[in-house]
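Written below as structure tokens is the structure these notes are about.
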Amino acid sequence: MKLTSLVRIWKHIKKTIIRLFSLDYIKFYKRWMDSRVSDNPLSAPTDIGWEIGGRIQFEFLKEIGLKPHHNFLDLGCGTLSLGQFLIPFLDIDNYVGMDISQDAILAGRGLVEDLSIGRFTRFIVNEDLIFDNPKVEEKFDFIWSHSVFNHLPIKYFYEFVENVKKISTNNCRILITVRIGEFSGPVGLIPHSSFSYSLNDIHSWLQKFGYSYRIVDTGDHWCGYRYDLDVIEIMRNEK
Ligand SMILES: C[S@@+](CC[C@H](N)C(=O)[O-])C[C@H]1O[C@@H](n2cnc3c(N)ncnc32)[C@H](O)[C@@H]1O
């Protein structure tokens, strides 16, 4: 058996053990991320690669209208694959990274240390998506979450939609990646850490809280990297 296959099997066993010892899903995912970061911070956030993964997001965001003056929240920022490009691009003080994994944030800060010189980048270690713990006082006009909700059961999407108003300006652009499926539920092997959401569930929950959505045409913007995630933009019905 090839070494890469053995490594994959070992990773899977490790993940299952962590899941067995974590009652709560978010605690499991945080521990899993911490363990990936300690193995290799550059491989932790995304399988397509730290630098390429971040560059694709950065080019896409600029293409759809991100400007340096936007007050930007990178929700589930991981080890700053996107942050490495955004921190120098945004006006000073306009980047905030939020993640449940303090280890990921610390590793990311180490990786992009020199970019932050003279800039006040802020990071929030959150425990849920209610935004009261810790309390997030500011409002953002751009919220982006890449490869986060496809790792979360749909109840966390619901939690986010219910609470995002607290941290968004009236004209805030909210964009998240999701895996769209026929049903909402886990995808792949136990322990589940990939989830799809049905458009029906997305639609009905958004409607309940006064939002609608559109699927963003990512066209060429993913630079030829086509993976099974869609970008949806969540729009407030009344401003
Ligand atoms: C697959 S990584 C993607 C990281 C980064 N967005 C990127 O594209 O490189 C998923 C990240 O989401 C974080 N995460 C998962 N659930 C979260 C939550 N409820 N709130 C904030 N971050 C979360 C994880 O700790 C992890 O860093």
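Brief remarks on what is shown
- Of all residues in segment 196-212, those that are at positive phi have Cβ atoms under 9 Å from Cβ atoms of residues that are part of a loop (DSSP other than H, G, I, E, B) and among the polar types (S, T, N, Q), 6 or more apart or on another chain, in GLY210/ASN237.
- If you filter segment 45-76 down to residues that are farther than 21 Å from PHE140 by Cβ and in a loop (DSSP other than H, G, I, E, B), you find that the one that is nearest to the ligand (Cβ to nearest atom) is THR46.
- Any hit, segment 89-97, residues being touching a residue at least 40 places away in the same chain (Cβ under 8 Å), surrounded by 15 or more Cβ atoms within 10 Å (Cβ to Cβ) and either at negative phi or touching a His at 6+ places or on another chain (Cβ under 9 Å) (or both): yes
- Cβ-Cβ contacts under 6 Å between residues 6 or more apart (or on different chains), taken from a first residue in segment 37-58 that is of a type in the set (Val, Ile, Thr) to a second residue that is at pLDDT 85 or above, are listed as VAL37/ASP103; VAL37/ALA104; VAL37/ALA107; THR46/GLY53; THR46/SER147.
- The set of residues in segment 82-108 being more than 10 Å from the ligand (Cβ to nearest atom), part of a helix (DSSP H, G or I) and β-branched (Val, Ile, Thr) consists of ILE87 alone.
- Flag: THR79 does not match the condition of being more than 12 Å from the ligand (Cβ to nearest atom) and either crowded, with 23+ Cβ neighbours inside 10 Å or β-branched (Val, Ile, Thr) (or both).
- Matching residues in segment 120-142 - criterion: being among the β-branched types (Val, Ile, Thr) and part of a loop (DSSP other than H, G, I, E, B): THR121, ILE130, VAL136
The values are calculated or read from the model by the stated rules, or taken from the named source; none is laboratory data. Small disclaimer: the values here were computed from a predicted structure and weren't measured. Using ideal geometry, Cβ is built from the backbone for each residue, glycine included, and neighbour counts are taken over all protein chains shown.
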